[in-house]
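Peer 1: Below is the structure I would like to discuss, written out as structure tokens.
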Amino acid sequence: MFPEYSDQIAHLKAVDPEFLRMCDQHAALAQKIRNMETRIELGTHEQIEILKKQKLLIKDSAYVILKREMAAEA
């Protein structure tokens, strides 16, 4: 999700169940989108766009948690 913060993400996944859940959801949505775009799974353009928006909302929420954690460490 954010490769430049891989250490912080690993730490948060270990200590924050909500952050871990968000990361898992983000990864699952990314895979579903890839499958739909490559026609492994059926999906309309509209369905794919909805999933992309959901994925982005999760990413934004995870980023807020990540930045808050980094600020607390500083």
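The values are calculated or read from the model by the stated rules, or taken from the named source; none is laboratory data. What you are looking at is a predicted structure, and each value in this text was computed from that prediction instead of being measured. Positions of Cβ are generated from backbone atoms using ideal geometry, with glycine treated the same way; all protein chains shown enter the neighbour counts. For the accessible areas, the whole protein counts, side chains as well, though only heavy atoms, and no ligand, DNA or RNA atoms are used. Shrake-Rupley method; radii C 1.70, N 1.55, O 1.52, S 1.80 Å.
Peer 1: Give me the angle, in degrees from 0 to 90, between the Cα long axis of helix 17-37 and the longest principal axis of the Cα atoms of the chain, rounded to the nearest 10.
Peer 2: 30 degrees
Peer 1: Between L42 and D60, what length comes free when the chain is fully extended (0.36 nm per residue of separation minus the Cα-Cα distance, one decimal in nm)?
Peer 2: So the extension gain works out to 3.8 nm.
Peer 1: Relative to the first principal axis of the alpha-carbon coordinates of the chain, what is the inclination of helix 45-73, with its axis defined by its Cα atoms, in degrees from 0 to 90 and to the nearest 10?
Peer 2: 0 degrees
Peer 1: If you don't mind, there's one more thing I want to ask. Per residue, how many Å² of accessible area does the chain show with a 1.4 Å probe?
Peer 2: Numbers: 5170 Å² over 74 residues.
Accessible area per residue: 70 Å².
Peer 1: Within region 1-70, how many Lys pairs that are eight or more residues apart, or on different chains, come under 17 Å at the alpha-carbon? Please report the intermediate quantities before stating the final value.
Peer 2: Working: K13/K59; K13/K67; K32/K52; K32/K53; K32/K55; K32/K59; K59/K67.
Counting lysine pairs in region 1-70 gives 7.
Peer 1: Round to the nearest 10 and give me the degree value, 0 to 90, for the angle of helix 6-15's Cα axis relative to the longest principal axis of the chain.
Peer 2: It works out to around 80 degrees.
Peer 1: Given a cut-off of under 8 Å on Cα pairs at least six residues apart, what relative contact order in percent is computed for region 22-74?
Peer 2: Details: 25 pairs, mean separation 22.8, N = 53.
Relative contact order here is 43 percent.
Peer 1: Please give the FRET efficiency for A27 paired with A74, using the beta carbon to beta carbon distance and R0 = 25 Å, rounded to the nearest 0.05. Walk me through the numbers on the way to the answer.
Peer 2: Details: r = 28 Å, r/R0 = 1.11.
With R0 = 25 Å, the Cβ-Cβ based efficiency is 0.35.
Peer 1: Identify which of the listed values of semi-axes √(5λ) of the Cα gyration tensor in Å was calculated from the structure shown: (1) 35, 14, 5; (2) 28, 11, 9; (3) 46, 16, 14.
Peer 2: Computed from the coordinates, semi-axes √(5λ) of the Cα gyration tensor in Å corresponds to (2).
Peer 1: Under a 1.4 angstrom probe, counting protein chains only, how are R39, R34, R68 ranked by accessible area, largest first?
Peer 2: Values: R39 185, R34 120, R68 145 Å².
So, going from the largest accessible area down, we get R39, R68, R34.
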